[in-house]
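Asks: Dumping the structure here so I can ask a few things about it.
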Amino acid sequence: MMRLAPMAGVTNAPFRLLARECGSDPVTSEEIDARALVHDNSRTREIARFLPEERPITMQLLGSEPDVLAEAARRLEAEGADAIDLNMGCPVPKIVAKGQGAALMRDPAGAAVIFRVMRRAIRVPLTIKIRGGWDDRSVNAVEIARVAEGEGVGGITVHPRTRAQQFTGRAPWETIASVVDAVRLPVTGNGDVRSRADAEAMRRATGCAGVMVGRGALGAPWVFLPAPPARAERARAIRRHCQLIMALLPERSALLQLRRHLAWYADGLPVAGQARAAMFRVPDATALQALFWSLWEGAPALL
Ligand SMILES: Cc1cc2nc3c(=O)[nH]c(=O)nc-3n(C[C@H](O)[C@H](O)[C@H](O)COP(=O)(O)O)c2cc1C
């Protein structure tokens, strides 16, 4: 089991569908602010939208108030979500300042209440995504996992870096192994997987049931395929991604998403530096795609 990890501003419907078409197992949405969802914020509603063909899909919530999280979970379930995931890993200062994301790991008793209240609100499985802990002195992934298991949580993803580590340094896979040893729930390992070989290595090293790939899928959604695809196949996947973005997103988000993803796809091209600069100046989606393909075609020998 190898699947795309939730990434804010990235794992929207077009990228999720593309990842599935490239062999990813069922995916999780990007984080959705529970309070904004309950207040019917229009931008949040757009982020929370998913298509019937994306199912089974897990929708991820960000929040700290049990009742608000429960109400948001109930709404997502009513819209067809097949599981609800609670974000306990986001390290962003403005998020943890509100007691959300990784800050939830600092209060296992408070987390237990959240699990209980959310669990009671929905019939679909509740899963959580955690970090190793807050910092080096408080690595408590095992404690949180045990609390979660006791409260009826159905699965745990572990990104073993601490909040203090953010995204730096090595992801200490040993922490994933300790969670696997401590609970009977399916544990998904995450962190520094950039190929199927890495995923296999993580599974061997930790005994995890599945693997999530985040940054390794940026500009490389084919990371889920059994073998690295030929150039023509990669081009086909990029074209499909552009088509999904244009078809499924409002015009302004579409241009933003094309810029972001085409810049990642261009990373592998020898012209990456200039390409990136030029791509951020192009005024519209058609011109942007034309520029990307001219760069792609201009460097075939070096790919
Ligand atoms: C741009 C970006 C956005 C992210 N947004 C989320 C998110 O919304 N929810 C979440 O649980 N994790 C989020 N993450 C963390 C990833 O899911 C993953 O745990 C982390 O990147 C480590 O995995 P990797 O080494 O495969 O990238 C984000 C990571 C990145 C790089």
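Asks: Looking at segment 170-217, which of its residues are of a type in the set (A, V, I, L, M), touching a Lys or Arg at 6+ places or on another chain (Cβ under 8 Å) and either without any contact (Cβ under 8 Å) to a residue 12 or more places away in the chain or within 20 Å of Ser24 (Cβ to Cβ) (or both)?
Replies: The answer is Ala171, Val211, Met212, Val213.
Asks: Please determine, by comparing only the residues of segment 238-286 that are within 19 Å of the chain's Cα centre (by Cα) and among the polar types (S, T, N, Q), which one is surrounded by the fewest Cβ atoms within 10 Å (Cβ to Cβ).
Replies: Checked segment 238-286; the qualifying residue surrounded by the fewest Cβ atoms within 10 Å (Cβ to Cβ) is Ser253.
Asks: Also, I was wondering about something else. Just to be sure, is Arg215 open to solvent by 60 Å² or more (accessible area, probe 1.4 Å), within 16 Å of the ligand (Cβ to nearest atom), assigned by TED's automatic domain parsing to the domain that holds Asp198 and out of contact with any helix residue (DSSP H, G or I) (no Cβ under 8 Å at 6 or more places or on another chain)?
Replies: Taking the combined requirement at face value, the residue satisfies it.
Asks: Here's another thing I want to ask about it. For segment 146-161: of the residues being under 16 Å from Asp136 (Cβ atoms) and in contact with a Pro (Cβ under 9 Å, 6 or more places away or on another chain), which is nearest to the ligand (Cβ to nearest atom)?
Replies: In this case the residue turns out to be Arg161.
Asks: If the requirement is being away from the ligand (no atom under 16 Å from the Cβ), in contact (Cβ under 8 Å) with a residue 24 or more places away in the chain and either basic (Lys, Arg) or touching a Ser or Thr at 6+ places or on another chain (Cβ under 6 Å) (or both), which of these qualifies: Arg259, Arg276, Arg252, Arg240? It would help to see each step written out before you state the result.
Replies: Details: Arg259 fails: away from the ligand (no atom under 16 Å from the Cβ); Arg276 fails: in contact (Cβ under 8 Å) with a residue 24 or more places away in the chain; Arg252 fails: in contact (Cβ under 8 Å) with a residue 24 or more places away in the chain.
Just one listed residue meets the conditions, Arg240.
The values are calculated or read from the model by the stated rules, or taken from the named source; none is laboratory data. Everything numeric here is computed off the predicted structure, so don't read it as measured data. All Cβ positions, glycine included, derive from the backbone under ideal geometry; neighbour counts span all protein chains shown. Just the protein is used for accessible areas: all its heavy atoms, side chains included, with ligands, DNA and RNA removed. Shrake-Rupley method; radii C 1.70, N 1.55, O 1.52, S 1.80 Å.
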